[in-house]
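Structure first, commentary second.
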Amino acid sequence: MWPLLGFSLLAVALIIERVVFWARINSRQSRVIREVLNLYRLNNVVGALEKLQQNMDLPLARIFLAALELEEATPEEFRLALESEAQAEIPLLKRFQNIFETIIGLAPLLGLLGTVLGLIASFASLNIGDVGGTRTANVTGGISEALTATASGLVVAIFTLLFANTFRGLYQRQIARIQEYGGQLELLYRRRYERGDKTYAPTR
């Protein structure tokens with residue numbers, strides 16, 4: 001039960017961190033990125049950069065900023081910058097996913113192990129001559145306590161699985177938005193490049 005308690009506390013702590021992370025992204029990112037795209041569409045590159053720099057805690061803001069700060073980049077170079085920065089963001093978006101999967105897999109097994117060890121200890125204390133005696137009641141109580149470990153392991157695994165699947169869905173939705181908004185920015189940049197507009201980000 002002690003490892004299960006540790007797993008449950010770890011799962012709760014990581015779930016809280018992920019809930020805060022995704023709540024921040026879902027509450028602000030779409031609005032900020034639409035404002036940036038509108039500024040860029042109106043040729044206000046400096047305003048778009050300032051808006052991105054003010055929201056560096058958002059994944060798409062970091063992706064856009066990495067591409068827009070390139071000086072006189074060709075459309076191909078711009079696309080590569082978007083893609084490479086998007087790949088760099090993936091580990092942050094999938095953070096703790098492996099830990100969640102480990103907890104989901106190990107918690108039921110630990111619960112089952114606790115049950116088996118409890119049953120072994122209960123039956124080891126039972127003698128054939130004691131069947132129907134006072135020790136039989138102790139054995140049944142020990143079996144009940146042993147089964148609690150399996151139930152606890154299943155509860156921890158199910159609880160973690162629900163949130164892990166939710167975070168996985170949010171990650172997939174975020175990847176779709178990166179592709180959508182990244183494609184829009186790439187199209188705007190390509191149009192500016194083909195028009196010969198040489199307004200680029202200022203050098204740091």
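Per this entry, ALA81 is counted among residues that are under 34 Å from the mean Cα position of the chain (by Cα), modelled with pLDDT of 85 or more and either part of a helix (DSSP H, G or I) or loosely packed, with under 15 Cβ neighbours inside 10 Å (or both). For segment 59-78, filtered to residues that are aliphatic (A, V, I, L, M) and surrounded by fewer than 18 Cβ atoms within 10 Å (Cβ to Cβ), the residue that is farthest from the chain's Cα centre (by Cα) is LEU70.
Those residues that are buried (at least 17 other Cβ atoms within 10 Å of the Cβ) and within 22 Å of GLN172 (Cβ to Cβ), I need them from segment 1-21; list them, please. Matches in segment 1-21: ALA11, LEU14, ILE15, ARG18, PHE21. Tell me, yes or no, whether segment 177-189 has at least one residue that is at pLDDT 90 or above, farther than 30 Å from ASN26 by Cβ and surrounded by fewer than 14 Cβ atoms within 10 Å (Cβ to Cβ). Checked segment 177-189: no residue is at pLDDT 90 or above, farther than 30 Å from ASN26 by Cβ and surrounded by fewer than 14 Cβ atoms within 10 Å (Cβ to Cβ). Identify the residue in segment 91-128 that is among the β-branched types (Val, Ile, Thr) and in contact (Cβ under 8 Å) with a residue 40 or more places away in the chain and, among all such residues, is surrounded by the most Cβ atoms within 10 Å (Cβ to Cβ). Across segment 91-128, the extreme among qualifying residues is ILE103. Just a yes or no: is a residue in segment 113-130 modelled with pLDDT under 95, part of a helix (DSSP H, G or I), polar (S, T, N, Q) and over 37 Å from the mean Cα position of the chain (by Cα)? Within segment 113-130, one or more residues are modelled with pLDDT under 95, part of a helix (DSSP H, G or I), polar (S, T, N, Q) and over 37 Å from the mean Cα position of the chain (by Cα).
Can you find even one residue in segment 52-69 that is under 30 Å from SER152 (Cβ atoms) and either touching a Leu at 6+ places or on another chain (Cβ under 8 Å) or aliphatic (A, V, I, L, M) (or both)? Within segment 52-69, none of the residues are under 30 Å from SER152 (Cβ atoms) and either touching a Leu at 6+ places or on another chain (Cβ under 8 Å) or aliphatic (A, V, I, L, M) (or both). Scanning segment 35-53 for residues that are closer than 13 Å to LEU185 by Cα, surrounded by fewer than 17 Cβ atoms within 10 Å (Cβ to Cβ) and not aliphatic (A, V, I, L, M) turns up GLU35, ASN38, ARG41, ASN43.
Take ALA13 and decide whether it is modelled with pLDDT of 95 or more and not β-branched (Val, Ile, Thr). Considered against the rule, which asks whether it is modelled with pLDDT of 95 or more and not β-branched (Val, Ile, Thr), ALA13 comes out as yes.
The values are calculated or read from the model by the stated rules, or taken from the named source; none is laboratory data. Being a predicted model, the structure only gives us computed values, none of them experimental. As a convention, Cβ positions derive from the backbone with ideal geometry for all residues, glycine included, and neighbour counts pool all protein chains shown.
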